[in-house]
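The values are calculated or read from the model by the stated rules, or taken from the named source; none is laboratory data. Given the structure is predicted, the values throughout are model-derived calculations rather than measurements. FYI the Cβ positions are ideal-geometry reconstructions off the backbone, even for glycines, and counts take in every protein chain you see. These area figures cover heavy atoms from the full protein model, side chains too; ligands, DNA and RNA do not enter into them. Shrake-Rupley method; radii C 1.70, N 1.55, O 1.52, S 1.80 Å.
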Amino acid sequence: DAGITQSPRHKVTETGTPVTLRCHQTENHRYMYWYRQDPGHGLRLIHYSYGVKDTDKGEVSDGYSVSRSKTEDFLLTLESATSSQTSVYFCAITGNTDYEQYFGPGTRLTVT
Amino acid sequence: AQRVTQPEKLLSVFKGAPVELKCNYSYSGSPELFWYVQYSRQRLQLLLRHISRESIKGFTADLNKGETSFHLKKPFAQEEDSAMYYCALVLYNQGGKLIFGQGTELSVKP
């Protein structure tokens, strides 16, 4: 499973609270991505990183921020969770020599 | 604009029947496309990529640049093929990001 883990795997939180999801890789890969998966929308890119402290926005970045202080960790923060952010969040990494992405197991987030 | 379209949300077939999951793309350059599969409550995994031209689990996909399509086919569906399938396009000019289609759920009935 390409050495990618996500934590927590499940979380229920209340509207307005901050939430941080963690993605950890043991592959020393440069590129990391955060997606959300919603029925009818497929996977949509939230943010991505191309190196330590180098991040950029994806197509649905509003309400989310990220940080990458170490190669192996990519954090996704929901600054003030809303019900529309209830989703399954996937982290992915890209190998250093091709474009195939390897995915983590996902985090199911429910905002009540 | 770059875009990937999977027109069918759900495709239901009987075991042994042929399967074709449709994928159309819009991209100005030379495309590189993948099919990913997600079995129930599991992580996404790569099924195949067009540049390798291989067959995985009996599935094949041919890139048709004239029709801008990359349909996934299997001649005889199996129950274990039931899953969510995503077509994805590489954006070379954006650091190799992938954009995904909306996904097609394949249900193979016994």
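Among the residues of segment A:12-35, is any open to solvent by 50 Å² or more (accessible area, probe 1.4 Å), in contact with a Pro (Cβ under 8 Å, 6 or more places away or on another chain), part of a loop (DSSP other than H, G, I, E, B) and at pLDDT 95 or above?
So far as segment A:12-35 goes, no, none of its residues is open to solvent by 50 Å² or more (accessible area, probe 1.4 Å), in contact with a Pro (Cβ under 8 Å, 6 or more places away or on another chain), part of a loop (DSSP other than H, G, I, E, B) and at pLDDT 95 or above.
Across segment A:78-104, what is the total count of residues that are open to solvent by less than 30 Å² (accessible area, probe 1.4 Å), more than 17 Å from A:His47 (Cα to Cα) and modelled with pLDDT of 95 or more?
Looking only at that region, the number is 0.
Let's see how each residue does on (1) more than 11 Å from chain B (Cβ to nearest Cβ); (2) more than 23 Å from A:Thr15 (Cα to Cα):
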site	(1), (2)
A:Ile46	yes, no
A:Tyr50	no, yes
A:Thr55	yes, yes
A:Val88	no, no
A:Asp98	no, yes
A:Gly106	no, no
A:Leu109	yes, no
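Residue under question is B:Gly95, and the condition is that it be open to solvent by 30 Å² or more (accessible area, probe 1.4 Å) and either at pLDDT 95 or above or within 11 Å of chain A (Cβ to nearest Cβ) (or both); does it hold?
yes
Look through segment A:1-11, keep the residues that are assigned to a strand (DSSP E or B) and under 13 Å from A:Cys91 (Cβ atoms), and return whichever of them is farthest from the other protein chains (Cβ to nearest Cβ).
A:Ser7
Read through the list (1) within 10 Å of another protein chain (Cβ to nearest Cβ); (2) open to solvent by 50 Å² or more (accessible area, probe 1.4 Å); (3) in contact with an Asp or Glu (Cβ under 8 Å, 6 or more places away or on another chain), then give the number of the only condition that A:Pro39 fails.
Failing condition for A:Pro39: (3).
Of the residues in segment B:13-28, how many are open to solvent by less than 60 Å² (accessible area, probe 1.4 Å), over 14 Å from the mean Cα position of the chain (by Cα) and either closer than 21 Å to B:Glu80 by Cβ or within 13 Å of chain A (Cβ to nearest Cβ) (or both)?
3
Going by the structure shown, is B:Tyr36 crowded, with 19+ Cβ neighbours inside 10 Å, touching a Ser or Thr at 6+ places or on another chain (Cβ under 7 Å) and of a type in the set (Ser, Thr, Tyr)?
Judged against the criteria, B:Tyr36 is not a match.
Report yes if B:Glu8 is free of Cβ contacts under 8 Å to residues at least 24 places away in the same chain, surrounded by fewer than 17 Cβ atoms within 10 Å (Cβ to Cβ) and within 14 Å of chain A (Cβ to nearest Cβ), otherwise no.
When the stated conditions are applied, B:Glu8 does not pass them.
Among the residues in segment B:8-26, are any at pLDDT below 95 and among the aromatic types (Phe, Trp, Tyr)?
No; the residues of segment B:8-26 include none that is at pLDDT below 95 and among the aromatic types (Phe, Trp, Tyr).
Only one residue in A:Ser61, A:Ser49 is under 29 Å from B:Lys9 (Cα atoms) and either without any contact (Cβ under 8 Å) to a residue 60 or more places away in the chain or under 10 Å from the mean Cα position of the chain (by Cα) (or both), so which one is that? Show your work before the answer.
On the way: A:Ser49 fails: under 29 Å from B:Lys9 (Cα atoms).
Testing whether each residue is under 29 Å from B:Lys9 (Cα atoms) and either without any contact (Cβ under 8 Å) to a residue 60 or more places away in the chain or under 10 Å from the mean Cα position of the chain (by Cα) (or both) leaves just A:Ser61.
When the residues of segment A:51-72 are narrowed to those that are part of a strand (DSSP E or B) and small (Gly, Ala, Ser), which ends up nearest to B:Lys97 (Cα to Cα)?
Checked segment A:51-72; the qualifying residue nearest to B:Lys97 (Cα to Cα) is A:Gly51.
Criterion first (more than 14 Å from chain B (Cβ to nearest Cβ), farther than 25 Å from B:Arg3 by Cα, in contact with a strand residue (DSSP E or B) (Cβ under 9 Å, 6 or more places away or on another chain) and surrounded by fewer than 14 Cβ atoms within 10 Å (Cβ to Cβ)) does A:Ser69 satisfy it?
yes
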